[in-house]
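These notes are about the structure you will find just below.
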Amino acid sequence: MNFDHQFQQRLEALRREGRYRVFADLKRRRGHFPAADHFTAHRTREVTVWCSNDYLGMGQHPAVIAAMHEAIDAAGAGSGGTRNISGTTHYHVELEAELADLHGKEAALLFSSAYMANDATLSTLARLVPGTVVFSDEKNHASMIEGIRHGGGDKQIFRHNDIGDLEAKLRKYPKGTPKIIAFESVYSMDGHIAPIAAICDLAEKYGALTYLDEVHAVGLYGPRGGGIAERDGVMHRVDVINGTLAKGFGVMGGYIAGTRTLIDAIRSFAAGFIFTTSLAPTIAAGALASLRHLKTSTSERARHQERVRTLKAALKAKRVPVMDNPSHIVPVMVGCPAHCKAITDTLLREHGIYVQPINYPTVAKGTERMRLTPSPVHSDDQMDDLVRALGALWAACPVPNGAYVRLVAE
C-alpha cells in the first residue's frame, strides 16, 4: 500500500473543492496588535488581523506580560510533569481557585485546552455513571461531540436552541435515567446565544445535569466576565461550566468548574487529564493575571461591545451579508468554499487584511463564511479599511457561486 499516494489523492480533492487550508505565517506585534508581520517566501509585510480569538486583546496586556515574565524568572520554562507527578505548581492552584470563584463553584480543574476539557470530562462522566443519556445541541463544538462519542453511551441530538425538541426527547426517558444536557452559551460560527434559563428549567424538571460550554463568552460577558450564565443570573443553576483561557483571557488552556466531588472525580478518572503534562507555570501565571484583571475591569468589555456594534452597522450599510445574531460574533456569509477563499486571499494580498475562510467541516457545506472578530484594540481607521475593502468586493461581485472567482482570475 502506497500511503503517501492515498494521502495525496485526498489532499488534491480538498484543493479541488476549495477547502484546502493554508496557514498564515504571522508574528503579532505586542503593543501594536492587531498589527502583525506576515511572512511569505517573497516578503514580510504588516497586516491587520481580523479573525483572532484574542477577543479583548489580553494577550498583550501589560499585567499579563509582566506576570509571565515574573513566573518564568521564578519557576523556569516547563511545569516538569503531569499534575500528579511534580506538575502542580502554586500558579495552578491559585488559578483553579480563581476560576471556581469566577463561576461561583466549589472547585475547578485546569486542562491544556478547552477541547481536551470537553472531550475528557464528557466521556468520563458518561463512563462513571452507566446508563447516562447525553442530550446534545446539534451545533455543539467538535470537542463536545468527540467527548460524547468517546463516552460510549446513548445520546440524543436536539435541534439547535429548540426547547420544545429538547423536552420531547427528555420525555422519552424515565426520570430516574441519568441524563446530561450539553450545550454552549455562544455558538461561535453563527453567534447564537443559548436560552440557558429555559434549559435549566427542563434539567430540573427531568432530573438532568447541565453541562455548559462558555468558551466564547468567558471574560466577555457578565459583571466579572463569568460568561452568559453570569450575565443572565443563572450561573448557580448550571452544574458544570467549561471555559477557556485562550480567548477572552488571551493566553492558553481550558478548564471545568463544578462541585468539589464532580471535579475530584474528573481529576481522578479522566485519562485526558491524568496523562497530560500540565500547563507551563508562565502560562498559568499569565492567565491568572488576566482573570484577576477582568474580574474588576469592565472597560475592555464595554469597548469590545461598542466595536462589535459599530462594525455590524457599517458592514450592513455597505450591503455586506452579515448574519444577524445577539453576540459579538460577526459572520459574513459567502456560501461557496472557492469563493470564500478568493475573497480572503484578495483581502490579504491587496489590502493587508487577514481573515481566515471558514469552510466545511467547521461549518456545513453551502454555509462557508468569514468570521470577523472586532476587539477593543481595533481602531476606527482599521475598521474603515476593512469595511471599505469588503464593500468594494461585494459591489464588484454581487452574484455568488463563483462569479468573484472569475473576476479575480481575470
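The values are calculated or read from the model by the stated rules, or taken from the named source; none is laboratory data. Everything quoted here is computed from the prediction, not taken from an experiment. Note that we place each Cβ from the backbone using ideal geometry, even for glycine, and neighbour counts take in every protein chain shown. Heavy atoms of the whole protein, side chains included, go into the accessibility calculation; ligands, DNA and RNA do not. Shrake-Rupley method; radii C 1.70, N 1.55, O 1.52, S 1.80 Å.
To the nearest 10 degrees, how steeply does helix 337-351 sit against the main Cα axis of the chain, on a 0 to 90 scale? Relative to the chain, helix 337-351 is tipped by roughly 70 degrees.
Given their separation in residues at 0.36 nm each and the Cα-Cα distance between them, residue 259 and residue 142 gain 39.6 nm when the chain is fully extended. The antiparallel fraction among DSSP beta bridges confined to the chain stands at about 55%. In the context of the full set of protein chains, residues of region 126-220 present 38 Å² of accessible surface per residue (probe radius 1.4 Å, heavy atoms only). Three semi-axes describe the equivalent ellipsoid of region 112-215; taken as square roots of 5 times the Cα gyration tensor eigenvalues and ordered largest first, they are 19, 18, 10 Å.
Per the Debye formula on identical point scatterers at the alpha carbon atoms of the chain, with no solvent, log10 I(q)/I(0) at q = 0.12 Å⁻¹ is -1.05. Normalised by 2.2 N^0.38 Å, where N is the number of residues, the C-alpha radius of gyration of region 209-363 stands at 1.26.
For region 1-149, what D do you get in µm² per second when you plug the Kirkwood radius from alpha-carbon pairs into Stokes-Einstein at 10 °C and 1.306 mPa s? Stokes-Einstein gives a translational diffusion coefficient of 78 µm²/s. Distances between placed amide hydrogens fall under 5 Å for residue 137 paired with 158, 182, all partners being 5 or more residues away or on another chain.
Residue ranges 143-155, 233-245 sort as 233-245, 143-155 when ordered by packing (mean number of other C-beta atoms within 10 Å per residue, highest first). Largest first, the residues 89, 261, 121, 362 sort by 1.4 Å accessible area into 261, 362, 89, 121. According to the Kirkwood relation over distinct C-alpha pairs, the hydrodynamic radius of region 50-115 is 14.0 Å. How high is the relative contact order of the chain? Use alpha-carbon pairs under 8 Å, at least six apart in sequence, and give a whole percent. Reported relative contact order: 21 percent. Helical content of the chain, expressed as a calculated mean residue ellipticity at 222 nm, amounts to -13500 deg cm²/dmol (DSSP H runs of 4 or more residues, -39,500 (n - 2.57) each, divided by residue number, nearest 500).
In whole angstrom, region 163-223 maps to an equivalent ellipsoid with semi-axes of 25, 12, 9, each derived as √(5λ) from the alpha carbon gyration tensor and ordered largest first. The antiparallel fraction among DSSP beta bridges confined to region 131-197 stands at about 10%.
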